[in-house]
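The next block holds one structure in the form of structure tokens; read it before the comments.
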Amino acid sequence: MLLEISDIHVHYGKIAALKGITAEVGQGEIVTLIGANGAGKTTTLKTVSGLRGLSSGAIRFDGRDISKMPGHKRVLVGIGQAPEGRGIFPGMTVEENLLMGAYARKDDPAKELAEAYELFPRLAERRKQMGGTMSGGEQQMLAIGRALMAKPKVLLLDEPSMGLAPMLVQQIFSIIQEINRRGTTVLLVEQNAQQALQIAHRAYVLETGRVVKSAPAAELLDDPEVRAAYLGGEMGDAAAPAAGNAAPAARDAAPAAEDGAPADEGSADGSGEETAK
């Protein structure tokens with residue numbers, strides 16, 4: 001397995017945020033974590049990326065124990081993250097934001113920059129625009145593009161559809177599939193459980209810091225308990241193509257009104273130290 005999370009426990013002060021999470025992500029997979037707010041999904045991603053420390057348990061990546069490895073070194077071994085809240089640099093241009101994703105690399109990032117612009121044509125059009133003046137959907141593209149600049153083996157995505165209009169949600173999920181089709185493994189946290197399960201290969205359901213179900217995503221889509229808790233009891237209209245049938249990179253539909261306001265300025269990691277999301 002590319003990523004192995006073994007019985008990890010994480011605390012915020014005296015509060016137990018993760019209570020023995022065990023999960024794994026294989027090379028080439030899209031794996032999603034679903035669950036209610038406070039279930040521990042975001043904390044799991046932050047722990048994998050090194051933004052939160054372990055109380056106990058272990059994390060192995062590409063055959064190596066990284067449990068005590070600092071976050072910046074995890075980027076170097078192949079873990080990239082597009083955090084919740086996007087965490088872009090509002091006073092930098094689009095291109096400067098993208099290049100920040102390659103700050104730790106010693107080689108020329110020109111190839112990855114060209115690939116980011118191919119994947120996100122709107123970013124190419126706005127490469128000289130300040131990040132803070134872009135719409136929420138464009139900032140999400142920028143956050144994902146920046147994470148890809150580090151050439152990650154696994155991409156951690158935290159709530160990529162948050163605050164986006166439905167048209168842009170479809171676009172972002174198609175792009176995630178295209179990123180996976182090009183060879184990047186994805187670990188996805190997403191409130192829109194139906195969309196996430198439709199593109200994922202496997203999924204874990206988290207409740208109050210524990211894994212309560214794990215199965216192929218298609219099975220969880222048909223699971224009555226999962227449907228009642230996270231899918232409104234209905235399958236609804238098919239939205240994104242199933243995993244393995246990745247759509248080409250979207251051509252960037254115009255941002256909708258719901259997506260118009262620039263995102264709040266945040267830290268580079270997008271964290272706001274939530275209790276156990």
Name every residue in the range 125-140 that is in contact (Cβ under 8 Å) with a residue 60 or more places away in the chain, under 20 Å from the mean Cα position of the chain (by Cα) and in a helix (DSSP H, G or I), in order of residue number.
Gly136, Gly137, Glu138, Gln139
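Where residues in the range 161-187 are farther than 11 Å from Gly28 by Cβ and among the hydroxyl-bearing types (Ser, Thr, Tyr), which of them is modelled with the lowest pLDDT?
Within the range 161-187, the match that is modelled with the lowest pLDDT is Ser161.
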List pairs: first in the range 176-204 and free of Cβ contacts under 8 Å to residues at least 24 places away in the same chain, second assigned to a loop (DSSP other than H, G, I, E, B) and among the hydrophobic types (A, V, I, L, M, F, W, C), Cβ under 6 Å, 6+ apart or cross-chain?
none
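Yes/no per residue for (1) buried (at least 20 other Cβ atoms within 10 Å of the Cβ); (2) of a type in the set (A, V, I, L, M, F, W, C); (3) not in a strand (DSSP E or B):
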residue	(1), (2), (3)
Leu123	yes, yes, yes
Gln171	yes, no, yes
Gln177	yes, no, yes
Leu187	yes, yes, no
Ala203	yes, yes, no
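Let's see how each residue does on (1) in a helix (DSSP H, G or I); (2) farther than 18 Å from Lys213 by Cβ:
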{"position": "Leu18", "(1), (2)": "no, no"}
{"position": "Thr22", "(1), (2)": "no, no"}
{"position": "Leu33", "(1), (2)": "no, no"}
{"position": "Gly38", "(1), (2)": "no, no"}
{"position": "Thr43", "(1), (2)": "yes, yes"}
{"position": "Lys46", "(1), (2)": "yes, yes"}
{"position": "Arg52", "(1), (2)": "no, yes"}
{"position": "His72", "(1), (2)": "yes, yes"}
Quick check, is Glu258 part of a helix (DSSP H, G or I) and modelled with pLDDT under 50?
yes
I'd like the residue in the range 153-169 that is surrounded by fewer than 19 Cβ atoms within 10 Å (Cβ to Cβ) and under 14 Å from the mean Cα position of the chain (by Cα) and, out of all such residues, is farthest from Glu138 (Cα to Cα).
Lys153
Of the conditions (1) buried (at least 21 other Cβ atoms within 10 Å of the Cβ); (2) in the same structural domain as Gly50 (by the TED database); (3) at pLDDT below 95, the single one that Ser135 does not satisfy is (2)
Spot the failing condition for Ala150; the list is (1) at pLDDT 95 or above; (2) in a loop (DSSP other than H, G, I, E, B); (3) crowded, with 19+ Cβ neighbours inside 10 Å; (4) not hydroxyl-bearing (Ser, Thr, Tyr), and only one is missed.
(1)
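The values are calculated or read from the model by the stated rules, or taken from the named source; none is laboratory data. Since the structure is predicted, the reported quantities are computational estimates derived from the model, not experimental observations. Note: ideal-geometry Cβ built from the backbone for every residue, glycine included; neighbour counts use all protein chains shown.
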